[in-house]
Structure formats: structure tokens, C-alpha cells
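The values are calculated or read from the model by the stated rules, or taken from the named source; none is laboratory data. All figures in this text were calculated on a predicted structure; none of them were measured in a lab. Methodologically, a virtual Cβ is constructed for each residue, glycine included, from the backbone with ideal geometry; neighbour enumeration extends over all protein chains shown.
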Amino acid sequence: MGLNLEDKKAVVAAVSGEVAQAQTIALAEYRGIEVGDLTLLRKKAREAGVYLHVLKNTLVRRAVEGTPFAGLSSQLVGPLIYGISKDPVAAAKLLNDFAKTNDKLAIKAGAYAGKILDKAGVQALASIPGREELLARLLGVMQAPVSGFAGALAALAKQRETAAA
């Protein structure tokens, strides 16, 4: 059963709201994917904070009009699932990782920072570490000098104890 005009307006408004806050949109064809696999993908999307929906392409075209993602309009053909995220890499990483284990999901295109990405571009974006991993790396770099200094002090104290004995 199709959507009436009010339902379509509501969908466009909801998608527009997500797009307004988004940094990245990733698109993938989902032809032939099983319901259980799609349910698993949606669960992973919720955990990653990614807005993931199968939407009518015409409604998405309206939602991205006048936004940095408007260039995606030419790519909106076929049965697509849309991943929209505030995190720059979350949507791309989610769809790319899932496509590695499920050949029925094929990455088609995406957009990041006003640039339209092809399949290779989405895969390259997905290979960038996420925010949490980058923060963990930064913390490790910041702790290294302190840990080294503490280790040197401990070694110096032990050396003095040995010399005093």
C-alpha cells in the first residue's frame, strides 16, 4: 500500500532532519538480502548511531534538495538502503563492513563534506578509524611520556636502593 501525501511529507521531514545533522550519507543496493540479515544490519546501525532505512528514492531526492548532499540525486536509482550519520565514518563503515560478509549488499555511492563519493570513495572513508579509536590512540600518545617518566623515576629509585645497600 502506497503512502498518502501527508505520510510522504512526514517521511521527507524526518529524512531532512537527519540530513541536516549528518556529515555522511552512504547508499547500498540490497537486492535479495534476507530479512534476518537486514534485521542484523539494523541492530548494528542502532548500536553505531546510524540512521538506516529503506526509503523511496523520490522522497530522499526532495529531502536532500538544497543541502551539501544534493549531488547524490543522480545516484538514487534502484532498491537502496540509506545510512546517514553524524559521525563522519560511521555510516560508511557500517555498510562497508556488512557488505564484506554479505554479497547481496552492494555499496553504490555516498557523500561526505559536500563531496560525492563512488564505491571506492565510500570504502576509503570506511577504512578511516572511528572517533572512539582515534581518541584512544590520542590518549595513548599523551600517556606515553608520563609512563616513560614514571618508569625512569622507578628505575632511578631502585638504582639508589641498590647502591645504598
Residue within segment 132-150 that is over 18 Å from residue 30 (Cα atoms) and either among the polar types (S, T, N, Q) or surrounded by 13 or more Cβ atoms within 10 Å (Cβ to Cβ) (or both) present: yes
Could you grab me the full set of residues in segment 115-131 that are surrounded by 12 or more Cβ atoms within 10 Å (Cβ to Cβ) and assigned to a loop (DSSP other than H, G, I, E, B)? 118, 128, 129, 130
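A quick yes/no check of all residues on (1) outside the structural domain of residue 14 (by TED's automatic domain parsing); (2) charged (D, E, K, R); (3) out of contact with any Gly (no Cβ under 7 Å at 6 or more places or on another chain):
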| position | (1), (2), (3) |
| --- | --- |
| 66 | no, no, yes |
| 81 | no, no, yes |
| 103 | no, yes, yes |
| 142 | yes, no, yes |
In segment 76-110, residues that are of a type outside the set (D, E, K, R), buried (at least 18 other Cβ atoms within 10 Å of the Cβ) and in a helix (DSSP H, G or I) total 8
